[in-house]
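Okay, so here's the structure we're looking at.
The values are calculated or read from the model by the stated rules, or taken from the named source; none is laboratory data. Just so it is clear, the model here is predicted, and its values are computed rather than measured. Neighbour counts are summed over all protein chains in view; Cβ atoms, including those assigned to glycine, are modelled from backbone coordinates with ideal geometry. Protein only, heavy atoms only, side chains kept; ligands, DNA and RNA dropped before computing areas. Shrake-Rupley method; radii C 1.70, N 1.55, O 1.52, S 1.80 Å.
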Amino acid sequence: FPLVSGLIELLQAKEILKRCMDELDAEDIPFNPDIPVGVMIEVPSAAVCADLLAPHADFFSIGTNDLIQYTVAVDRVNPHVANLYKPTHPAVIRLIKKTVDAGDDQGIWTGVCGEMAGDIRLTPLLIGLGVSELSVSPKILPRVGQVIRSLAFSQCKDAAVEALRQTNSASIMDVTLSVARQCYPDLLD
């Protein structure tokens, strides 16, 4: 479910889904009754409440484009403020970590979609934060796959711990870029 901001919205959406399944069942129309139900974490309130959402979801998918924009209150396509749109803003990184941890506590996986998922400079950081899946376009999938195969989880985990200690976007980018340069310098632009 997209743009969920809190538990009540998720429960309402799940109730609508249940009613639709009941209608299909009543009409003998085949469907998958065990379809996994996920929550898009795209607004800060969803990330902050991820521990409340996780017991009612089968997975989380962090929509980074919206999460960054709403967290830092910057329209990324507005040329007057686009320079303030930072995927490595400390608040964004902390919200991702909070979401992953809430999912882990409930035994559900957390994926990332959006531009961050395909930015190979950030792959070590996302893996280190505990992200289970990166949703990328087919065009860049081979490159991201090659990057993932070149990384050691322990190295990514250490980088994430260090990144969470940082107080600004540039320092967080430096931490993740250090791992990227060490592990796959030939793939960086």
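Residue-by-condition table, conditions (1) touching a Lys or Arg at 6+ places or on another chain (Cβ under 9 Å); (2) within 23 Å of Asn83 (Cα to Cα):
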{"residue": "Asp104", "(1), (2)": "no, no"}
{"residue": "Asp119", "(1), (2)": "no, yes"}
{"residue": "Thr123", "(1), (2)": "no, yes"}
{"residue": "Glu133", "(1), (2)": "no, no"}
{"residue": "Gln166", "(1), (2)": "no, yes"}
{"residue": "Thr176", "(1), (2)": "yes, yes"}
Quiz item: Do the conditions hold for Leu24, that is, is it in contact (Cβ under 8 Å) with a residue 12 or more places away in the chain, part of a helix (DSSP H, G or I) and open to solvent by less than 70 Å² (accessible area, probe 1.4 Å)?
Solution: no
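Would you say Asn83 is open to solvent by 10 Å² or more (accessible area, probe 1.4 Å), assigned to a helix (DSSP H, G or I), out of contact with any strand residue (DSSP E or B) (no Cβ under 9 Å at 6 or more places or on another chain) and modelled with pLDDT under 95?
Values: open to solvent by 10 Å² or more (accessible area, probe 1.4 Å): yes; assigned to a helix (DSSP H, G or I): yes; out of contact with any strand residue (DSSP E or B) (no Cβ under 9 Å at 6 or more places or on another chain): yes; modelled with pLDDT under 95: yes.
Yes.
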Quiz prompt | Sole residue being free of Cβ contacts under 8 Å to residues at least 60 places away in the same chain, over 12 Å from the mean Cα position of the chain (by Cα) and open to solvent by 90 Å² or more (accessible area, probe 1.4 Å), chosen from Asp119, Asp105 | solution = Asp105
Practice problem: Quickly run through the range 172-187 and pick out the residues that are open to solvent by 10 Å² or more (accessible area, probe 1.4 Å) and either farther than 12 Å from Thr123 by Cβ or in a loop (DSSP other than H, G, I, E, B) (or both). | Solution: Met173, Asp174, Val175, Ser178, Arg181, Gln182, Pro185, Asp186
Quiz item: Taking the range 51-70 as the search range and keeping residues that are farther than 18 Å from Leu122 by Cα and under 16 Å from the mean Cα position of the chain (by Cα), which one is surrounded by the most Cβ atoms within 10 Å (Cβ to Cβ)?
Solution: Phe60
